[in-house]
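The values are calculated or read from the model by the stated rules, or taken from the named source; none is laboratory data. Keep in mind that this is a model prediction, so the values were computed, not measured. Cβ atoms come from the backbone with ideal geometry, glycine included; neighbour counts cover every protein chain shown. Heads up: the accessible areas ignore ligands, DNA and RNA and are worked out on the full protein's heavy atoms, side chains in. Shrake-Rupley method; radii C 1.70, N 1.55, O 1.52, S 1.80 Å.
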Amino acid sequence: MTDLDERIASVLRERAEGETDTGRLLRRSRALGRRRRVRRRVTAGTALALVGVLGFTGAIRADVGGLAGRMPWTAATPATAPPPVPPLADGVPAARDRPDLVGTDPQVLHLGVDTTRARYLGWSVHSSNRVESIRFSVGDGHPVLLEVSPVAKTLDDTPIDGFPMQAASGRLTFDGGVLRVAGTDGLVKSWQPFPGLYARAATLRGDVTALDRVAGLVRWDEARRCTGPVRLTTLPANAVMTGCAVDVAAFPKGVTAQLTVIREPSSTMWMRLVYGAEMGEDTGRRSNRDLGGRPGFLYPDGTRLELLGLPKGRLTVDFAFPGDRPAGQVDFTETDAATVLVGTKVARDLTRPQTWP
């Protein structure tokens with residue numbers, strides 16, 4: 001997770017029992033986005049997906065029962081509902097066979113976990129910085145975040161969700177050692193599963209022995225699809241998808257999914273689906289746009305478009321930089337956002353993974 005994601009996560013945790021302070025999130029997003037973009041352009045030219053993860057800032061309300069907007073470190077999958085598992089990607093090389101492919105395809109996880117001993121809480125791929133991650137619970141239910149990349153520096157430089165900003169930065173040795181994070185009960189283990197791949201596992205609770213067992217739960221010989229209850233079928237011209245993130249920590253009461261789309265030189269779009277079994281209807285939005293014959297709503301600031309009518313859910317696209325745009329910023333347009341929403345496929349039943357597209 002990027003430093004911007006971590007700042008957003010911290011605000012969401014602070015506001016877990018009330019309304020999200022979107023103004024605060026957007027201000028931090030703008031400032032952090034500018035710094036991250038400059039750094040990425042200098043080092044790897046991958047700022048496009050890191051201008052600001054504004055898709056995380058909306059559609060999370062106090063009435064979203066069970067949603068993992070509080071971040072899944074403290075959320076456990078209900079034992080009464082079998083958790084979703086990302087489906088196998090037949091014919092795709094696994095990390096063990098092609099570590100160089102890890103993080104290159106936003107729709108593919110080149111690894112999995114042993115579901116007889118661990119429960120998936122979420123998964124993601126971000127091809128902009130070559131990282132794949134799986135969040136799962138083991139043993140007593142304490143969540144573990146596993147991140148892998150063929151680039152060691154990426155893991156060493158990237159903050160860990162829920163940890164202090166500098167918890168592991170510049171300290172990872174990738175020799176199997178475990179770091180204790182000062183001021184928390186957090187532990188971070190880094191190692192090299194095999195040549196060409198680096199791994200980082202982190203937990204906010206537990207002991208060193210338990211964290212050492214995590215490596216044995218990983219399935220390096222399988223590939224799975226980074227998919228969820230929503231799928232894009234149409235993209236604006238010259239745009240590509242670069243990110244997929246699915247959170248099922250609160251399943252079946254809550255599911256979230258986010259897909260990231262970019263277009264050079266600096267356009268970034270975040271399509272986000274939020275479902276909550278106890279989500280109340282927001283009567284403050286009335287259709288002011290037609291999206292292929294379905295009601296849509298363009299938010300007053302002109303940077304977010306929503307497809308209305310999803311039971312107990314919200315489907316939105318953040319397509320433009322809010323407020324004062326940084327120099328050189330080029331955004332997607334409302335027409336681009338409408339193209340994405342009109343072609344989006346949503347599962348018939350968000351609580352039944354077998355119906356996910």
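Summary table
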read-out	value
Counted residues, segment 323-353 - those being polar (S, T, N, Q), within 15 Å of S267 (Cα to Cα) and modelled with pLDDT under 95	1
Matching strands (runs of 3 or more DSSP E) fully within segment 135-245 where at least 3 residues are within 19 Å of V125 (Cα to Cα) and in contact (Cβ under 8 Å) with a residue 40 or more places away in the chain	142-149, 197-203
Any hit, segment 97-112, residues being open to solvent by less than 30 Å² (accessible area, probe 1.4 Å), assigned to a strand (DSSP E or B), in contact (Cβ under 8 Å) with a residue 24 or more places away in the chain and within 22 Å of W191 (Cβ to Cβ)	yes
Number of positions in segment 102-155 that are under 18 Å from V92 (Cβ atoms), within 13 Å of the chain's Cα centre (by Cα) and among the acidic types (D, E)	1
The lone exception for R231 - which of (1) open to solvent by 50 Å² or more (accessible area, probe 1.4 Å); (2) within 15 Å of P143 (Cα to Cα); (3) among the basic types (K, R) it fails	(2)
Positions within segment 66-89 being open to solvent by 60 Å² or more (accessible area, probe 1.4 Å) and at pLDDT 95 or above, in sequence order	V85, L88
Selected residue (only one of V178, V240 is touching a Lys or Arg at 6+ places or on another chain (Cβ under 9 Å) and either surrounded by 20 or more Cβ atoms within 10 Å (Cβ to Cβ) or under 30 Å from D336 (Cβ atoms) (or both))	V240
Of all residues making up segment 324-357, the number that are in contact with a Lys or Arg (Cβ under 6 Å, 6 or more places away or on another chain) and open to solvent by 50 Å² or more (accessible area, probe 1.4 Å)	1
S124 being assigned to a strand (DSSP E or B) and under 15 Å from A215 (Cα atoms)	no
Segment 295-313 residues that are at positive phi and touching a residue at least 24 places away in the same chain (Cβ under 8 Å), paired with ones that are among the charged types (D, E, K, R) and assigned to a loop (DSSP other than H, G, I, E, B) (beta carbon under 6 Å, 6 or more apart)	none
Within segment 132-152, considering residues that are charged (D, E, K, R) and touching a helix residue (DSSP H, G or I) at 6+ places or on another chain (Cβ under 9 Å), the one surrounded by the most Cβ atoms within 10 Å (Cβ to Cβ)	E147
